[in-house]
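> Following this message is one structure expressed as structure tokens.
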Amino acid sequence: MGTIVFFIFAILAIASAWGVVTSKNIMHSALYLALSFSGVAVLYVLLNADYLAAVQLLIYTGGIAIMVVFAVMLTLRGDICASNPDNKVWGWGALISTLMFLTIAVVVLTNTDWRILPTPWTGGGSATDISLLLLTKFMIPFEAAAVLLTMALVGAVILAKGVKASK
């Protein structure tokens, strides 16, 4: 039964991601994005990563997708049905995506030591286990990501505020 549920939600996540890319209506693309995030959260639950599923639902589905919807609603000018006319050439995107998928598949299937961890992770997906990893083994990448996100936030504030030219 778990395999059937997995395939249902995997197909839902992939189909809604396809809808994000191919939809001509930008509001529909934003709603497909929220549906795709929700499907990924269910896949995390099926993998017994409850903490990641909760984070996926709260941050991505609840925060990012709703922010995208409001940003689109507040900034969109003109007819919403013709808001994305450039997706007529989606064939190139599909071709490049297929080539990238095949390249990654060849690398993963032909390489035996591509894994980061030499032994499989035996811990659970709880908040305690993830925080233990983030604050011990993966502390440097975690802090680097935090600094990068802070710099991106400062840059966004500067761009939104505007810079006056000094004489």
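The values are calculated or read from the model by the stated rules, or taken from the named source; none is laboratory data. Everything numeric here is computed off the predicted structure, so don't read it as measured data. Here the Cβ is made from the backbone with ideal geometry for all residues, glycine too, and neighbour counts use every protein chain on show.
> Does segment 76-98 include one or more residues that are at pLDDT 70 or above, closer than 22 Å to residue 10 by Cβ and touching a Phe, Trp or Tyr at 6+ places or on another chain (Cβ under 7 Å)?
no
> Turning to a different aspect of this structure: Looking only at segment 1-34, how many residues end up being under 21 Å from residue 63 (Cβ atoms) and of a type outside the set (A, V, I, L, M, F, W, C)?
5
> Moving to a separate point now. Tell me which of these residue 60 doesn't satisfy, since it passes every other one: (1) exposed (fewer than 12 other Cβ atoms within 10 Å of the Cβ); (2) of a type outside the set (A, V, I, L, M); (3) at pLDDT 70 or above; (4) assigned by TED's automatic domain parsing to the domain that holds residue 40.
(1)
> Hey, could you check segment 8-26 for residues that are surrounded by 17 or more Cβ atoms within 10 Å (Cβ to Cβ), assigned to a helix (DSSP H, G or I) and touching a residue at least 24 places away in the same chain (Cβ under 8 Å) and say which is farthest from the chain's Cα centre (by Cα)?
Within segment 8-26, the match that is farthest from the chain's Cα centre (by Cα) is 26.
> Can you name the residue in segment 27-57 that is hydrophobic (A, V, I, L, M, F, W, C) and touching a residue at least 60 places away in the same chain (Cβ under 8 Å) and is also surrounded by the fewest Cβ atoms within 10 Å (Cβ to Cβ) among such residues?
Only one residue fits best here, namely 47.
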